[in-house]
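First up is the structure itself, then whatever we jot down about it.
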Amino acid sequence: MRADILVFPGSNCDVDTEIALREALPGWQVTRQWHDGADLSGSQFCVLPGGFAHGDYLRAGALAARSPAIEGVRALIARGGLVLGICNGFQVLVEAGILPGAFQANTVQHFICRDVALRVERAASPFLDAFAAGDVLTLPIAHQEGNYRLTEDEYRRLKDEGRIAFTYCGPHGETAGDYNPNGSYASVAGVLAEGGRVLGMMPHPERAAWPAIGRTDGLRILAAGLMAAMQGGTL
């Protein structure tokens, strides 16, 4: 079984992601592929990692979304593989039209790097199989343009279809209060494509994948995704 990590000019979380995937499910072949010429034909799982692809010129993720590698991502999705976009990778998936919405600068107008609490909104996804709806996770964020924008119609559709994966929350899952770090619409922190096999999220699971430091919530997301990919991406 093979998991691939797409690397763009400016990606800076690809090595962390590779190590975390090896930790999540030992025995998988994990490779980092340069976006120009990447071959995902033998892959079951693909990660678009965090960073600043192409310097985030024009808009975050805009240039990377036009890389030929994205056609390989679409083909992987079409044949039942799983795709995870983390932070900048989430922005790339949105710019490519694989996930809905848009991104703009954080409402605080500066880079944010800290832990946040997330509430699991939907457990019926390969990536969230280890959780129940309402579970609260702690993961780090690190972004300048994490303000995820949706129209009211887009939000209602995602909510009705069970495609909101995470929302920012308080330590006990509460949403009343100032727990939204970047201004994202309705505090949305992660969304799913139809079928639940594509997940885009702003927090970094690969930075919370180390039992030695007591941070394993991200490890559970990665391990669940890899296990589902091994089983053919079924829910």
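Remarks
- Subset of region 199-214 that is of a type in the set (A, V, I, L, M), under 8 Å from the mean Cα position of the chain (by Cα) and farther than 16 Å from Asn12 by Cα - its residue that is surrounded by the fewest Cβ atoms within 10 Å (Cβ to Cβ): Met201
- Region 158-175 - residue that is more than 18 Å from Gly85 (Cα to Cα) and touching a residue at least 40 places away in the same chain (Cβ under 8 Å) and, of those, surrounded by the most Cβ atoms within 10 Å (Cβ to Cβ): Cys169
- Unique residue being touching a residue at least 12 places away in the same chain (Cβ under 8 Å), in contact with a His (Cβ under 9 Å, 6 or more places away or on another chain), at negative phi and crowded, with 18+ Cβ neighbours inside 10 Å when the list is Phe8, Phe90, Phe52: Phe8
- Across region 18-34, the number of residues qualifying as surrounded by fewer than 22 Cβ atoms within 10 Å (Cβ to Cβ), over 15 Å from the mean Cα position of the chain (by Cα) and not in a strand (DSSP E or B) comes to 7.
- Checking the stated criteria, Gly61 turns out to be of a type in the set (Gly, Ala, Ser), at positive phi and crowded, with 24+ Cβ neighbours inside 10 Å.
- Candidate set: region 35-80, residues that are over 24 Å from Ala142 (Cβ atoms) and of a type in the set (S, T, N, Q); chosen: the one farthest from the chain's Cα centre (by Cα): Ser41
- Boolean, Pro205 is in contact with a helix residue (DSSP H, G or I) (Cβ under 6 Å, 6 or more places away or on another chain) and on the phi < 0 side of the Ramachandran plot: yes
- Test: residue in region 98-112 that is surrounded by fewer than 22 Cβ atoms within 10 Å (Cβ to Cβ) and closer than 22 Å to Arg215 by Cβ: yes
- Every condition in (1) under 25 Å from Gly61 (Cβ atoms); (2) assigned to a strand (DSSP E or B) holds for Thr138 except the one numbered (1).
- Residues that are modelled with pLDDT under 95, among the hydrophobic types (A, V, I, L, M, F, W, C) and either outside any strand (DSSP E or B) or under 27 Å from Arg149 (Cβ atoms) (or both) do not occur anywhere in region 7-15.
The values are calculated or read from the model by the stated rules, or taken from the named source; none is laboratory data. As the structure is a computational prediction, the values presented were derived from the model and not from experiment. When we count neighbours, we look across all protein chains shown, and the Cβ atoms used for this are built from the backbone with ideal geometry, even at glycine.
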